[in-house]
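J.: This is the structure, below, for whatever I ask next.
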Amino acid sequence: MLDKLVLAARRQQASDLHLEPGLPATLRVHGRLVQVGEPVPAKALLAAARTVIPADLWPDFVARRSFDAARVIAGVPCRVNVLQSARGVGMAVRLLATRVPTLAELNLHPDLADLVRHRHGLVLVSGATGSGKSTTLAALVQTINLERPAHVISIEQPIEYTLRPARAFIRQREVGRDTPSFEQALLDALREDPDVIVVGEMRTREVMQLTLGAAETGHLVLATLHGGTPAEALQRMITAFPAEIQSAVRAQLADSLVAVVCQSLEHRRDWPVRVPECEILVANHAVRANLRDGQLFKLPGVIDTGAEHGMWSRARYRGWLDDRRHFHVPSARDEAPVEEPEAAASLQLLPPLEPEGGEPVAPAASDRPRGGRRSKAVLTGVIEIDDTGESIDDLIAELERR
C-alpha cells in the first residue's frame, strides 16, 4: 500500500503525502491539498508503520508516539514521520528528489553560490516548516562539492539527500544512528579535520553554541533555523541563551556571520512550479554593528539599501522572479527511474481540499465511502483484519498476539 501511494504521489509531482486512518490519502501538489483513493484502514497503516520503524525501536515509538526516519520507498527517497493521532497511527511523508538538486534547478538566484565560497563563517538558511530549507542547504553543499576539494561533514536527522563526492570529500552522519546527538557530532567534527560543517537543524541552545564556536574556529558552517525573516532567525538564536550572556552571543554572531537566507515556497501561476522566494541578509559593517548593539529592528532597512553588498529584500527578489523568462520545471528526467506497481496507476485523484475560491469541496457522491462498509487490509500477506478503530495499544496487542 505504501509503495503504491508514494508512487502515485511522485507521479502527481507531490511534495508531501499524508496518511490518516479512515481518511483518503492526501497529497500536497504545488502547495494545495488533494485527496486520492479510498479511505486508508487503521490496521493497514499500523502494518506500514511496522515496516518503517525497526523492531528494536518500536518501543521508543510506543513511548513517544512519534518517530522520524529517512527511507527509500519504492525507489523514492522519503522523510517519514510516523505519529499517533486521535484516529490511530498516521504518517507524514516528504518526497525527496532522487538526486541532489543544484541552485539552478531550484530556481534560486546564482548569487547564493557566492555565500559558500567563503572559507569560514556561518551561513544560516531559515524559513517556516516545509519551505524547502533542507533542499536549499543540500544545493549549497552540492555547489561546494562541484567546485573545490573540501572535507565536508554533514550532521542530519534524518539524512534526506545522499551526497556523492565529486571534488569534495563528504561524510554524512545521522543523529540516532551514527552519533547519539547533534552536540556529540559537533564535538567530534572539530577533531576530524573539517573544512565545512553542515548542521541539519539547530534546535537547542547547546547546538547553537557549538555551531557558533565552530564558525569562530576557522570553519565554514551551514545550518538551518526556523524564522520568517533574517532578523527573526537571528533574534530566535540570540534569545535561546540566558539574558546575561546574550551580548556575548551577539558579538559572536557579528564576528562569524556570513549571511542569512530566509525563504518561502511560492507557486508561479505562469509556470507549473513552486519556487523559493528569498530575503537575503549579507553581513557587512552595518549588519555587524547592529548585531553588536542589539538593534536587530534596523536590519530590514539595511537589507533594503544593501543591494550592492548582495542583499535582497523580499520585494526586489520577487521582482527578479517576475522578470525571469525561464524556470526549471522538474520532470521525470530529473529523477532516477522508478518501477511502478500496476495498481499504482489506478489511484484516482479526488477534488482539491481547498481550491482557489477558498471554499472546501466535498467529494462527489460516488467518491464517498458508503455507510456501513468496512475497509479490509492484508498485513504482509499473512492475515486479513478489518478496521475496527481500536486505540494504538489495542492494535499493537492484537497484532503481536496474531
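The numbers here are math on the coordinates, done by the rules we state, and not lab data. Since the model is a prediction, treat every value here as computed from it, not as a measurement. So basically every Cβ, Gly included, is an ideal-geometry build from the backbone, and we count neighbours across all protein chains shown.
J.: Between D293 and S66, what length comes free when the chain is fully extended (0.36 nm per residue of separation minus the Cα-Cα distance, one decimal in nm)?
T.: Fully extending the segment from D293 to S66 adds 77.6 nm.
J.: Which order do the peptides 186-194, 258-266 come out in when sorted by mean C-beta neighbours inside 10 angstrom, highest first?
T.: Order by mean packing, descending: 258-266, 186-194.
J.: Considering Cα pairs under 8 angstrom that are at least six residues apart, work out the relative contact order of segment 112-323 and quote it in whole percent.
T.: So the answer I get is 23 percent.
J.: With N residues in segment 112-323, what two-decimal value do you get for its Cα radius of gyration over 2.2 N^0.38 Å?
T.: Taking N as the residue count of segment 112-323, the ratio is 0.99.
J.: What is the ratio of the Cα radius of gyration of segment 185-267 to 2.2 N^0.38 Å, where N is its residue count, to two decimals?
T.: Its radius of gyration relative to the 2.2 N^0.38 Å reference: 1.11.
J.: Using only the alpha carbons, work out the radius of gyration and Dmax of segment 100-180 in angstrom.
T.: According to the Cα coordinates of segment 100-180, Rg and Dmax are 12.7, 36 Å.
J.: What's the center-to-center distance, using Cα atoms, between segment 216-285 and segment 66-117 in Å?
T.: The distance from the Cα centre of segment 216-285 to that of segment 66-117 comes to 20 Å.
J.: For a protection proxy built on the mean count of beta-carbon atoms within 10 angstrom, sort 290-298, 18-26 highest first, please.
T.: Per-residue mean Cβ counts within 10 Å order the peptides as 18-26, 290-298.
J.: With N set to the number of residues, divide the alpha-carbon radius of gyration of segment 29-143 by 2.2 N^0.38 Å and report two decimals.
T.: My calculation over the Cα atoms of segment 29-143 gives 1.34.
J.: Here's something else I'd like to know. Roughly speaking, what is the centre-to-centre gap between segment 299-321 and segment 131-160 when only Cα atoms are used, to the nearest Å?
T.: Taking the Cα centre of segment 131-160 as reference, the centre of segment 299-321 is 25 Å away.
J.: Across segment 91-138, what fraction of all alpha-carbon pairs, as a whole percent, falls in each successive 5 Å bin from zero upward?
T.: 4, 16, 26, 26, 16, 8, 3, 1, 0
J.: What are the trypsin sites (Lys or Arg not before Pro) within segment 235-283 that DSSP puts in a loop, where the Cβ has at most 14 other Cβ atoms within 10 Å?
T.: R269
J.: Rounded to the nearest 0.05, what FRET efficiency is calculated for R164 and E216 with R0 set to 25 Å and r the Cβ-Cβ distance?
T.: Step by step, r from the Cβ atoms, then E = 0.25.
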